[in-house]
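See below for the structure under consideration.
The values are calculated or read from the model by the stated rules, or taken from the named source; none is laboratory data. Just so you know, these numbers come straight off a predicted model, no measurement behind them. With ideal geometry, Cβ positions are generated from the backbone for all residues, glycine too; neighbour counts draw on all protein chains shown.
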């Protein structure tokens, strides 16, 4: 759902010192195919002695139940470290902690397309229309973090084109110094 370049994902992982495990899926991707691909990856993770998966879900009980059901009996624990945190306070805590994020995807049925590409900052939060969750928990928007206290270096990016596809508005982030030829990581949000 983010439409972020694989090169940005790789730079994020290096900056926080974590390995990346990618799961290739086609675009578009039916949910049944997404679930098969994820089930295969879950088995590989268990074989590699991974014990849990942390999700950033905040309060959507049906999404949490779906994730828990899909991991049930797999050997992996579903972890929800941010669960039930008030999103207005959490958004501001993220900013106070020094995270730098950009809005990379907007659902124009919930938030104006002009929000795509903006910085996730106090001004962005002030400009959000009534009813839009400040953390985008209902899918109103998605972000890409390019710096913060857990990064050993910032990820220098420049704004690329903003495009509409598949009913969403995407703002491309291009790592500085790259020509932008690298593809995006195909992703699909689980229901």
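Which of the following residues is modelled with pLDDT under 95 and either over 25 Å from residue 62 (Cα atoms) or surrounded by 12 or more Cβ atoms within 10 Å (Cβ to Cβ) (or both): 160, 98?
Details: 98 fails: modelled with pLDDT under 95.
Residue meeting the stated conditions: 160.
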Residues satisfying the stated conditions in the stretch 70-89, i.e. assigned to a helix (DSSP H, G or I), out of contact with any strand residue (DSSP E or B) (no Cβ under 6 Å at 6 or more places or on another chain), free of Cβ contacts under 8 Å to residues at least 60 places away in the same chain and surrounded by 15 or more Cβ atoms within 10 Å (Cβ to Cβ) = 87
Out of all the residues in the stretch 124-141, is one or more under 18 Å from residue 3 (Cβ atoms), loosely packed, with under 11 Cβ neighbours inside 10 Å and modelled with pLDDT of 95 or more?
-> no
Which one of the conditions (1) under 26 Å from residue 138 (Cα atoms); (2) touching a strand residue (DSSP E or B) at 6+ places or on another chain (Cβ under 6 Å) does residue 60 fail to meet, given that it meets all the rest?
-> (2)
Going through the stretch 14-62 in order, the residues found to be assigned to a loop (DSSP other than H, G, I, E, B), without any contact (Cβ under 8 Å) to a residue 12 or more places away in the chain and closer than 17 Å to residue 79 by Cα are 49
More than 15 Å from the chain's Cα centre (by Cα) and closer than 24 Å to residue 137 by Cα: does that describe residue 79?
-> yes
Exactly one of (1) loosely packed, with under 13 Cβ neighbours inside 10 Å; (2) at pLDDT below 95; (3) within 15 Å of the chain's Cα centre (by Cα) is unmet by residue 54. Its number?
-> (2)
Residue tally, condition within 15 Å of residue 103 (Cβ to Cβ) and assigned to a loop (DSSP other than H, G, I, E, B), over the stretch 139-177 | 2
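Does residue 181 satisfy the criteria of being modelled with pLDDT under 95, more than 17 Å from the chain's Cα centre (by Cα) and not in a strand (DSSP E or B)? Steps first, answer last, please.
Working: modelled with pLDDT under 95: yes; more than 17 Å from the chain's Cα centre (by Cα): yes; not in a strand (DSSP E or B): yes.
So residue 181 fits the description; yes.
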Single unsatisfied condition, residue 149 versus (1) surrounded by 13 or more Cβ atoms within 10 Å (Cβ to Cβ); (2) out of contact with any helix residue (DSSP H, G or I) (no Cβ under 8 Å at 6 or more places or on another chain); (3) under 20 Å from residue 12 (Cβ atoms); (4) at pLDDT 95 or above | (1)
